[in-house]
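Have a look at the structure below, then the notes.
The values are calculated or read from the model by the stated rules, or taken from the named source; none is laboratory data. Small disclaimer: the values here were computed from a predicted structure and weren't measured. Quick reminder, even Gly has a Cβ in these numbers, built from the backbone with ideal geometry, and neighbours come from all protein chains shown. Please note that ligands, DNA and RNA were not included when accessible areas were found on the heavy atoms of the full protein model with its side chains. Shrake-Rupley method; radii C 1.70, N 1.55, O 1.52, S 1.80 Å.
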Amino acid sequence: MQFNGPKLPFFLTMEPLGLSPVYPMFLLGLATYCLILVFNLTLILTIALNRQLHKPMFLLLINLPINDIMGATAFYPQLITSLLSQDGTISQPACFLQALLVHLYGGGTLLILTAMAYDRYVALCCPFRYSVIMSSGKVARIIAAVWLTDIIVIGTIFCLFVKLRFCRSAITDMYCNNPSLMKLMCEDTSINNYYGLFTAFLLQSIALFAMFFTYIHLLLTCLLNKRADTKSKAIRTCVTHLMVFFLFELTTLFTVVSHRFDEVSPFLRRSIGVSFLVFPPILNPLIYGLNTREIRTKVLHLLLNKVSPFILTRGPGKQTFNTNTHKSFLHSSSEIFILSN
């Protein structure tokens with residue numbers, strides 16, 4: 001697939017980052033990327049390595065950190081390299097790959113959250129038929145449908161570029177995306193524009209309806225419960241989940257729409273456009289993962305089991321760390337961790 005027209009150079013130029021001093025910003029970007037990898041890989045390994053967590057809710061949830069790693073990897077390596085070299089150029093293939101991965105990340109997040117909302121709705125409204133409705137085969141089909149829909153919908157956006165001719169090389173964002181790529185074209189981009197807006201509003205509307213409908217039912221059910229701790233936990237869970245979701249919805253919607261209006265400040269557009277690649281990959285594993293007691297407990301045991309092999313048994317006359325002490329330590333630590341949360 002050949003994207004470059006005869007007048008377009010092989011390298012494209014992004015907007016200057018305008019971040020200083022350089023090395024502290026480079027270290028901050030590197031540390032943030034490493035933090036995202038640690039949080040999301042921990043969640044993936046915890047679910048994958050524990051058969052007790054191979055339930056519909058967690059099998060759907062594991063797709064979220066995979067998707068977050070894809071989005072972060074599409075953005076951070078290019079950002080870190082640009083900061084270190086102070087060079088804002090990117091090759092055409094790399095630019096289109098970055099744009100594809102960023103859009104797959106955005107669409108994937110909405111579709112995965114919709115699937116998770118459906119799972120919670122079934123568990124809430126059909127508890128006695130939950131195991132039948134959310135069987136392992138049904139969960140596998142839902143996961144396949146999520147990724148297949150994401151690939152087809154987003155892939156179509158970039159297939160529309162094939163027959164168009166490019167004659168500019170200045171990317172108007174800090175990363176490549178569909179709106180900024182459309183501004184490189186000399187020809188009519190109405191089809192690309194309308195299809196991009198349609199898919200954005202469609203995916204966001206479906207996710208918004210699913211989340212709103214599910215959490216309204218969840219709140220009403222829990223508020224009718226007489227236990228005060230159940231009510232407070234339900235409200236806390238719903239509020240945190242909805243805050244992260246609406247933050248993602250607003251930032252993605254603003255990013256898509258702002259390119260259509262010249263009156264929007266370029267600095268504001270770039271800042272908000274970057275935020276949906278920075279905050280959700282950090283917050284999602286904490287809010288949807290470690291906020292769940294089963295995952296918290298398994299993460300704690302995973303960390304302790306990885307650290308404990310490095311504790312060596314001491315020689316004669318020195319204190320020994322035996323198996324019973326180890327088991328007691330694991331048990332007491334997990335109890336303290338759960339009670340404190």
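Worth pointing out:
- Qualifying residue in segment 153-172 (condition: more than 30 Å from GLU15 (Cβ to Cβ), touching a helix residue (DSSP H, G or I) at 6+ places or on another chain (Cβ under 9 Å) and open to solvent by 30 Å² or more (accessible area, probe 1.4 Å)): no
- Candidates in segment 247-288 are the residues that are polar (S, T, N, Q) and out of contact with any Lys or Arg (no Cβ under 8 Å at 6 or more places or on another chain); of these, the one that is surrounded by the fewest Cβ atoms within 10 Å (Cβ to Cβ) is SER265.
- Which numbered condition LEU79 misses (of (1) modelled with pLDDT of 90 or more; (2) surrounded by 23 or more Cβ atoms within 10 Å (Cβ to Cβ)): (1)
- Subset tally (residues that are within 22 Å of ASN291 (Cβ to Cβ) and either in contact with a strand residue (DSSP E or B) (Cβ under 8 Å, 6 or more places away or on another chain) or among the aliphatic types (A, V, I, L, M) (or both)) for segment 71-104: 1
- Within segment 184-228, the set of residues being open to solvent by 70 Å² or more (accessible area, probe 1.4 Å), more than 25 Å from ASP119 (Cα to Cα) and in a loop (DSSP other than H, G, I, E, B) comprises GLU187, ASP188.
- LEU104 being over 22 Å from PHE213 (Cβ atoms) and either open to solvent by less than 50 Å² (accessible area, probe 1.4 Å) or among the basic types (Lys, Arg) (or both): yes
- Of all residues in segment 134-148, those that are of a type outside the set (A, V, I, L, M) have Cβ atoms under 9 Å from Cβ atoms of residues that are open to solvent by 60 Å² or more (accessible area, probe 1.4 Å) and not in a helix (DSSP H, G or I), 6 or more apart or on another chain, in SER136/HIS54.
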